[in-house]
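As structure tokens, the structure follows; a few thoughts come after it.
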Amino acid sequence: MSLNKRLASLFQADAERITLWSKGRVGLYALLKALGVCSGDEIIVTGYTCVMVPSAPFFLGAVCRYVDIDPGTYNLNPALLDSAVSDRTRAIIVQHTYGIAQDMEPVLQWASKRGLPVIEDCCHAVGSRYRGKLCGTFGAGAFFSGQWNKPFSTGLGGMLVVNDQKLLNGVRSLYQTAANPSAIEDLRIRGQILAYRALVNPRTVMAITRFYRFLSGLGLAIGSSSSQELAGDMPRDYFKRMAPSQEKEGEGNLADISGLLEHRKMISALYSRRLPALGFGALKENRDSENVLLRYPVRVANKQEVLKEALRKGVEIGSWFEIPLHPFGTDMAKFGYQTGMCPHSEQACTEVVNLPTHAKISESEVSRILEFLKRLAHPA
Ligand SMILES: *Cc1c(COP(=O)(O)O)cnc(C)c1O
């Protein structure tokens, strides 16, 4: 079954509602463009995100207004929406951070009163539900990332599901104008996928990620973002479809998605059960959401030390997000973010590390990670 069809069956949508892109951000760009977003417009965004989210509207000439997070859920705090809206607002992007479902009801109500479309950033959230309904099915459209460390990999890549019928034609015709990756690029991506499979495991991932960033910085590997992009310049080959090798990888990884979702839930439950005994706060989940966590957030007082030691000892511990517009090195002012705009987000950036839940994490790996935290991390 093709990747489109597998996704369509997961979301119980027509396959024609799904388009496949070179990155998740490109799907977002297509959706915003289909909405008619242009110079001077404003987009409301969670102020705790990857810079590739605000860069998509930025490349269309729009600016972002950032809304701080609820420190308990890491998602946009709907009570703050009023302070971010203006008569130039054209859309609101909510992000189900770490796979924690955004409290959708107040957002949808607020947006519908103003006639604003809601877009869901599902780059962390495949399988999470809010009041029984799958994340990605609430707004005008939802975008997904197939980067290496996302819910399921397409070896870099992105997917867009369009729910709004009026937007669908626009997105489909934009898709027709997008470039196809060259045969050489497809081959290089295929090589990277094979290398990833052979080399990356929970003990090597920290070191290999560093090496991979180094190689892509030199232009020797296809990375997730160029320095040009982080500085706010649109790469020439930005608007591109997914390569065949990525589609094939995604297809394979989606084949047993329900098994993977169950595994992630099982591993998250282990963290929730065992972290409090070590003095760390477990994630508080509410009754409205049934979360499939991509990563499990934990607050520590000595984040940089924990990350450094994790790299040294080969323990898989991640850092989303390093700054409100991740990663370190982003020129945040260029994207309209000034320090102090989202204090809860800034605090989370200094405290939160995240723990993996993916298929290669076994119960004994969980023990190894928790043992590491017990020895080296101090609860925040
Ligand atoms: C990874 C990520 C993106 C961007 O996905 P790409 O496929 O790299 O474009 C967007 N939003 C969030 C929350 C992400 O983690």
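Read the figures in this text as sums done on the coordinates, not as results from a lab. Predicted model, so just to flag it, every value in this text is computed and none were measured. In this analysis, Cβ positions are derived from the backbone assuming ideal geometry, glycine residues included, and neighbour counts consider all displayed protein chains.
Just a few scattered comments:
- Anisotropy class of the chain from Cα gyration tensor, a/c 1.5 cut: rounded
- Extended-chain gain in nm, criterion 0.36 nm per residue less alpha-carbon gap, Glu363 and Leu215: 50.0 nm
- Residue pairs, from the table Lys33/Lys334; Lys5/Lys133; Lys23/Lys113; Lys133/Lys374, whose Cα atoms sit over 28 Å apart: Lys23/Lys113; Lys133/Lys374
- When each of the peptides 276-285, 256-265 is scored by the mean number of other C-beta atoms lying within 10 Å of its residues, the order from highest to lowest reads 256-265, 276-285.
- Gain on full stretching of the segment that runs from Ala282 to Asn201 - 0.36 nm per residue minus C-alpha separation: 26.6 nm
- Cβ-based charge dipole, the chain, positive-most Cα from Ala195, Leu230, Leu293: Ala195
- With an a/c value of 1.5 or above and a/b not larger than b/c for the gyration tensor axes a ≥ b ≥ c computed over the alpha-carbon atoms, the range 225-380 is described as oblate.
- FRET efficiency for Leu174 and Gln304, using Cβ-Cβ distance with R0 set to 51 Å, rounded to 0.05: 0.75
- Exposure proxy ranking for Met242, Met332, based on other Cβ atoms within 10 angstrom of each Cβ and starting from the fewest, stands as Met332, Met242.
- Sorted ascending by nearby beta carbons within 10 Å, beginning with the fewest, Thr154, Thr350 become Thr350, Thr154.
- Antiparallel DSSP beta bridges within the chain, as percent of all bridges there, nearest 5: 55 percent
- Compared with the alpha-carbon gap, the fully stretched path from Met234 to Arg273 is longer by 9.6 nm at 0.36 nm per residue.
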